[in-house]
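**Q** I'd like to ask some things about the structure below.
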Amino acid sequence: MKVNLYVGVMMMFVKSIMKPPHECLTAQIGEDLKSVISILEHHDIQAVPVLDGSFFIGMLSKEIIYKRYFESNQPKDVYLSEFSAGDLVEKEDL
């Protein structure tokens, strides 16, 4: 009985903090990094899901964007406009 109660409470908790899909902040795979950084900074968040239409591809974080920028040896403006969310998305076991 305790297990069922615990599972029920956890489901209610998770459900209470989940946002409906139309309220979630996301990036599309073709969106340039300048736009993604703008979303992250404006909403003070660290990462966004990356979608291909409505299909989940992976996650993209500020850390990934900044790390790949320093590895790219390109000027910041070129890097932010030439690369898209789909180029950097992390696809590891999510």
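Read-outs throughout are calculated quantities, based only on the coordinates presented, and are distinct from any laboratory measurement. Treat the numbers as computed from the prediction; the structure is a model and nothing was measured.
**Q** For a quick check: with amide H placed at 1.01 Å from N, whose amide H comes under 5 Å from Glu31's, ignoring anything fewer than 5 positions away on the same chain?
**A** When sequence neighbours closer than 5 places are left aside, the close amide H contacts are Ala85, Gly86.
**Q** Could you name the aspartates and glutamates whose alpha carbon sits less than 18 Å from that of Lys62, not counting residues in the same chain fewer than 8 places away?
**A** In chain and number order, the partners are Glu31, Asp32, Glu41, Asp44, Glu71, Asp77, Glu82, Asp87, Glu90, Glu92.
**Q** Something else: Per residue of the stretch 78-85, what does 6.51 cos²θ - 1.76 cosθ + 1.60 with θ = phi - 60° give for ³J(HN,Hα)? Whole Hz please, x for Gly and Pro, Karplus curve as stated.
**A** 5, 4, 5, 9, 7, 9, 10, 4
**Q** May I pose another question? Expressed as a fraction of 2.2 N^0.38 Å, the rule-of-thumb size for a compact globular protein of N residues, what is the C-alpha radius of gyration of the stretch 53-94? Working shown, then result.
**A** Numbers: Rg = 11.3 Å, N = 42, 2.2 N^0.38 = 9.1 Å.
The value comes to 1.24.
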